[in-house]
Amino acid sequence: MPRRKVREPCCGAEAQSRDCCRIESLVTVDERGQMVLPKELRDRAGIRAGDKLALVSWEKDGEVCCFTLIKADLLAERVKEFLGPLMSGWTGMGKGAGDPQDETG
């Protein structure tokens, strides 16, 4: 099985010390609500036709102020990284009578 390339997080608390965020482009929303990501940015980000992107909104004072696009597969990886230790701890708890994980019962 091929090894997966370990990706360094580019956003989040651990990346705040790095100079990683910048305004790439201004885009226009058309009358149907669609936007076009510039080709150069799509190429650099490895975004291809049909790729899924998660749109994350940020609120301030009850209004949406910012959006972030994250490749859906990268978001899934980050969620697994975050929840993995929590889930392994949770699945190890509560072993008792009738629990399928309980080897004694």
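All of the numbers you see were taken from the coordinates with simple rules; none came from a lab. Please read these numbers as outputs of a predicted model, since none were measured by experiment. All Cβ positions, even for glycine, are placed from backbone atoms using ideal geometry, and neighbour counts span all protein chains on display.
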FRET efficiency, Ala76 to Leu26 (Cβ-Cβ, R0 25 Å, nearest 0.05)
0.30
Distance in nm between label sites at Ala49 and Met35, each 7 Å beyond Cα in the beta-carbon direction?
2.2
Quick one: which residues, 5 or more positions from Leu53 or on another chain, have an amide H under 5 Å from its amide H? H modelled 1.01 Å from N in the peptide plane, none for Pro or chain starts.
Ala72
